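Visitor: Before anything else, here's the structure in question.
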Amino acid sequence: MKKILLIDDEHSLVRTLELYFQSKGYLVLAAFDAREGLELWREHDPDLVLLDVQLPGMDGTQALAAAKDENLSGDVIMITAFQDMEATLAAIQRGAADYLYKPLDLDALDVLLEKILMRRREREKIERLSHVISESFKPNQIIGKSNATLEVLKDIARVALTPVTVLIEGDTGAGKELVARTIHQQWAPLEPFVAINCAAVVSNLLESELFGHERGAFTGAVQRKPGKLEIAGSGTVFLDEVGELPLEIQAKFLRVLQEKQFQSVGGVKDIPFKARLLAATNRNLESMVQAGSFREDLYFRLKVFVIRIPPLRERPEDIVPLAENFVSRMNRELNRNVTRIPMEYIRTLKAYDWPGNVRELENVLRRALILSTSDVLELDECWFQRSKAVPAPSSACEQSDELKSLNCVEKEHILKILKHTGGNYGEACKILGVTRPTLRKKIKDYGLKEYLVDL
Ligand SMILES: Nc1ncnc2c1ncn2[C@@H]1O[C@H](COP(=O)(O)OP(=O)(O)OP(=O)(O)O)[C@@H](O)[C@H]1O
Ligand SMILES: [Mg+2]
């Protein structure tokens, strides 16, 4: 049931309005001065407030200002007399929805209520829509339907709610930071997420970046500066490219993990370390341990739980959902309206080996969207030609593995070599030990031309 609050010192008017709104099914609350009115307003969250401009003590415009300051709910209709027009306009500027003249005309009130209801429905619709939009385009959402990605999601669910240290492994652009942020979001969304890229900070500054420094700790330290471990509070510290951490800082960091406290550079006070630690690497820490460039004890502390993100080329099932998601997001960012991706492009995107992983896919699609002038995606021709799909050799023949004809094996082999040379004719001839005309003929006979570039 809708609630209405009447604030007016004219008792007979309040009584009339009370009957009028009750007959319309409203729950009616009434006050005869602003102070009492504000109390009811705070307590009952009314949908609508009818507020007289002229009130004893605090007047209607002051009451409105107080309500707006406190963010109280409801649309406000000011009730005014002609001579109070200035105050009424000021009230509208402060956020009142509308006003009505005294003596009150109930038909005019009807029209006004309808208008306010309509505006409210519009507002609610926009709120719902923007909620849906922000939900479906969350920047921090892991997209993908490959088994590998589902495993990563399961791993995240397993560790997100316990404070264990997680080591995230994966090639460049594979989504390590995204995984870290997703864990953080489930673990402590309201606390800070503090990332430190161990490769990007010069090593003599890294120590003060991590642990902070006291005033005068070194030349140029003019004031105390808290480190990232302190800034993270009870949130998350994300040590990116942890393999680049210099050995002496590795030792110091290990102590932080063991003792759950640290001292800033030049400081004597123990500062508690309360944050959760997530680390990422695109290097093989185990072989770094063997080579002596990474401490084994720190490695064991970090790899309590390991999440490995496979390279994109090993999970081609993720390409379409990722592409769809990027295209719809970038349509909005770049003001485009691309709704179709040609099948030929999909095949090419799936066959390419993506050395730069998801980040590279994002970049290729961004360029494509910039180039697109219609609703069909246009891949950058140059990129497209370079990476054009050559079907996997196994799909070139439809015979079973053991019982292949010589022709079938030859066809597969030629395709394999052409894929290896990126479609380069001369190089393929050298590897296969045949002349150019022979290769040309075989390509024609086996109908391979459509798969090739640059012949
Ligand atoms: N599964 C995914 N779904 C949606 N977006 C993704 C996914 N994986 C990666 N991305 C996006 O790809 C880009 C690169 O990801 P991210 O920065 O997490 O990679 P990274 O492994 O930390 O890379 P680097 O080693 O270069 O630091 C980001 O824009 C990220 O949002
Ligand atoms: Mg990263």
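Visitor: Any residue at all in region 200-213 that is within 16 Å of ligand 1 (Cβ to nearest atom), at pLDDT below 95 and small (Gly, Ala, Ser)?
Guide: Yes - at least one qualifying residue is present in region 200-213.
Visitor: Now, a different point. With the requirement that a residue be assigned to a helix (DSSP H, G or I) and either within 15 Å of ligand 1 (Cβ to nearest atom) or buried (at least 20 other Cβ atoms within 10 Å of the Cβ) (or both), what does region 349-366 give you?
Guide: Hits for region 349-366 are 349, 357, 358, 359, 360, 361, 362, 363, 364, 365, 366.
Visitor: Go through region 77-98 and count every residue that is surrounded by 15 or more Cβ atoms within 10 Å (Cβ to Cβ) and within 21 Å of residue 11 (Cβ to Cβ).
Guide: The total comes to 5.
Visitor: Looking at residue 47 and the list (1) surrounded by fewer than 18 Cβ atoms within 10 Å (Cβ to Cβ); (2) touching a strand residue (DSSP E or B) at 6+ places or on another chain (Cβ under 8 Å); (3) of a type outside the set (Ser, Thr, Tyr), which single condition is not satisfied?
Guide: The number of the failed condition is (1).
Visitor: Name the residues in region 240-252 that are within 12 Å of ligand 1 (Cβ to nearest atom) and out of contact with any helix residue (DSSP H, G or I) (no Cβ under 8 Å at 6 or more places or on another chain), would you? I'd like the intermediate steps shown before the answer.
Guide: Step one: list which residues in region 240-252 are within 12 Å of ligand 1 (Cβ to nearest atom), which gives 240-244.
Once the filter is applied, which keeps residues that are within 12 Å of ligand 1 (Cβ to nearest atom) and out of contact with any helix residue (DSSP H, G or I) (no Cβ under 8 Å at 6 or more places or on another chain), region 240-252 yields 241, 244.
Visitor: Can you tell me which of 91, 108 is without any contact (Cβ under 8 Å) to a residue 60 or more places away in the chain, within 21 Å of residue 31 (Cα to Cα) and not in a loop (DSSP other than H, G, I, E, B)?
Guide: 91
Visitor: In region 299-323, what residues are in contact (Cβ under 8 Å) with a residue 60 or more places away in the chain and charged (D, E, K, R)?
Guide: 301, 303, 308, 314, 315, 317, 318
Conditions tested, residue by residue: (1) modelled with pLDDT under 95; (2) surrounded by 12 or more Cβ atoms within 10 Å (Cβ to Cβ); (3) away from ligand 1 (no atom under 12 Å from the Cβ).
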{"position": "118", "(1), (2), (3)": "yes, no, yes"}
{"position": "125", "(1), (2), (3)": "yes, no, yes"}
{"position": "136", "(1), (2), (3)": "yes, no, yes"}
{"position": "166", "(1), (2), (3)": "no, yes, yes"}
{"position": "172", "(1), (2), (3)": "yes, yes, no"}
{"position": "191", "(1), (2), (3)": "yes, yes, yes"}
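Visitor: Now for a separate question. Restricting region 174-189 to residues that are at pLDDT 90 or above and among the aliphatic types (A, V, I, L, M), which is farthest from ligand 1 (Cβ to nearest atom)?
Guide: Narrowing region 174-189 to residues at pLDDT 90 or above: 174-184.
Checking the rest, the ones that are also among the aliphatic types (A, V, I, L, M) come to 174, 178-180, 183.
Values: 174: 5, 178: 4, 179: 7, 180: 8, 183: 12 Å.
Only one residue tops the list, namely 183.
Visitor: Here's another thing I want to ask about it. Would you pick out the residues in region 40-59 that are of a type in the set (D, E, K, R) and part of a loop (DSSP other than H, G, I, E, B)?
Guide: Across region 40-59, the qualifying residues are 45, 47, 59.
Visitor: Could you please let me know if residue 190 is within 24 Å of residue 308 (Cβ to Cβ) and not assigned by TED's automatic domain parsing to the domain that holds residue 322?
Guide: Criteria not met by residue 190.
Visitor: Looking at (1) assigned by TED's automatic domain parsing to the domain that holds residue 196; (2) under 30 Å from residue 145 (Cα atoms); (3) modelled with pLDDT under 95, which is the one condition that is false for residue 319?
Guide: (1)
The values are calculated or read from the model by the stated rules, or taken from the named source; none is laboratory data. The structure displayed is predicted, hence computed values, not measured ones. When we count neighbours, we look across all protein chains shown, and the Cβ atoms used for this are built from the backbone with ideal geometry, even at glycine.
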